[in-house]
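The structure appears below as structure tokens.
Here, each number is a calculation from the coordinates, and none is a lab measurement. Model, not experiment: these values are computed from the prediction. When we count neighbours, we look across all protein chains shown, and the Cβ atoms used for this are built from the backbone with ideal geometry, even at glycine.
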Amino acid sequence: MRDDKQIKEEVKQQFGANAEKYVTSQTHATGDDLSLLAPWLNPSDEWVFLDVATGGGHLTKKIAPLVGQVFATDLTQPMLAAARNHLSAHCNNVSYVVADAEALPFLGESFDAVGCRIAAHHFPNPQAFVREVARVLKPGGKFILIDNIAPEDEKLDRFVNTLEKLRDTSHVRSYSRSEWLEWVEQAGLVESQSRIRKKTFPYATWVRRTAESEEQVKQVTGHITGADEEIHAYFAVEKEGEQVTSIQVDEWMALFVKQELE
């Protein structure tokens, strides 16, 4: 059983080795969730915004023109450097900080809003992450969370998390919506709005972004092709002959507000 330190070292290795792939990934760079940021958050040009686990910097790139200052953080220094190289021509109000999402190096009530996009499934202690978000948010501050989630059904949950783990050894868990809601409620955050969408991955590109060998690709493919029809239907598995061409997962986008002090 891996401990938290081992998990985080694996995350650093995986993202450090594939930093440029995440910067250029169309899956990460596009998506209607990015276009929803402004209408959901209603940001101000006086805001100080925190982007946790920025990865390729796509959330920061979208939000930076709308706020006063952005702090983009990531656990992996090469990943953060790749994001800075990508963003330097677009954003001049961004500071880059190597930071653990579960132990943020900021004082309490420092940020008007916090965002975390397609990253939290790599966190071994998501409840600690949520507590940290609540701590660094100002009263009335907003938290936008975007991540792949597991279905509530145990069989479907087990399939997708095994799939992700086979594809990416740094994957910890795609958590369910009910798990997230429990943690945010405990932290004093209130859901304002949310939506779940089906996100389609072109299989060949998706599986090779993190797979380290063709043998690993075969294991992932075998896990999919060996699943039953219920699983294939839920995850919209498309095939040409024996070749998997695409697969869908659930992505949750949710906005939470830190309760004002009485």
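Some observations on this one:
- Cα Rg over Rh - segment 74-233, Kirkwood: 1.00
- Shape of segment 193-237, Cα gyration tensor, a/c cut at 1.5: oblate
- Across every direction, the projection of the convex hull enclosing the Cα atoms of segment 53-110 has a mean area of 3.8 nm².
- For segment 45-53, 3J(HN,Hα) computed residue by residue from phi via the Karplus equation (6.51, -1.76, 1.60; θ = phi - 60°) reads 6, 9, 5, 10, 10, 10, 9, 8, 6 Hz, glycine and proline entered as x.
- Cα gyration tensor shape of segment 113-204, rounded if a/c is under 1.5, else prolate or oblate by comparing a/b with b/c: prolate
- Residues whose amide H falls under 5 Å from that of A113, counting only those 5 or more places apart or on a different chain, are V48, L50, K142, with hydrogens built in the peptide plane.
- Cross-link pairs K198/K239; K61/K258; K142/K199 - those with Cα-Cα distance over 22 Å: K61/K258; K142/K199
- Max mean-square fluctuation residue, GNM over the chain, Cα-Cα springs under 10 Å, options D112, D153, D250: D153
- Phi angles of segment 79-86 translate, via the Karplus equation with coefficients 6.51, -1.76, 1.60 and θ = phi - 60°, into HN-Hα couplings of 5, 5, 5, 5, 5, 4, 4, 5 Hz per residue; Gly and Pro are given as x.
- For the residues G226, G241, G55, a GNM of the chain with alpha-carbon springs under 10 Å puts the largest fluctuation on G241.
- Test item: Cα-centred dipole of the chain, Lys/Arg +1 and Asp/Glu -1 on Cβ, debye: 640 debye
- Cα shape, segment 81-126, gyration tensor, a/c 1.5 rule: oblate
- More than 14 angstrom apart: percent of Cα pairs within segment 87-156: 68 percent
- Length available on full extension from E242 to E229: 0.36 nm per residue minus the Cα-Cα distance, which gives 3.2 nm.
- Residue-by-residue Karplus 3J(HN,Hα) for segment 168-181, coefficients 6.51, -1.76, 1.60, Hz, glycine and proline x: 9, 5, 8, 5, 9, 6, 7, 7, 7, 4, 5, 5, 4, 5
- Size of charge dipole - segment 28-104 - debye, nearest 20, with Cβ of Lys, Arg +1 and Asp, Glu -1, no other charges: 260 debye
- Note on the chain: dipole from Cβ charges, positive end direction compared against N42, S176, G57; the farthest Cα belongs to G57.
- Ordering V257, V133, V207 by the number of other Cβ atoms within 10 Å of each residue's own Cβ, fewest first, gives V257, V207, V133.
- Residue of N93, N42, N148 that the Gaussian network model of the chain assigns the largest fluctuation, springs spanning Cα pairs under 10 Å: N42
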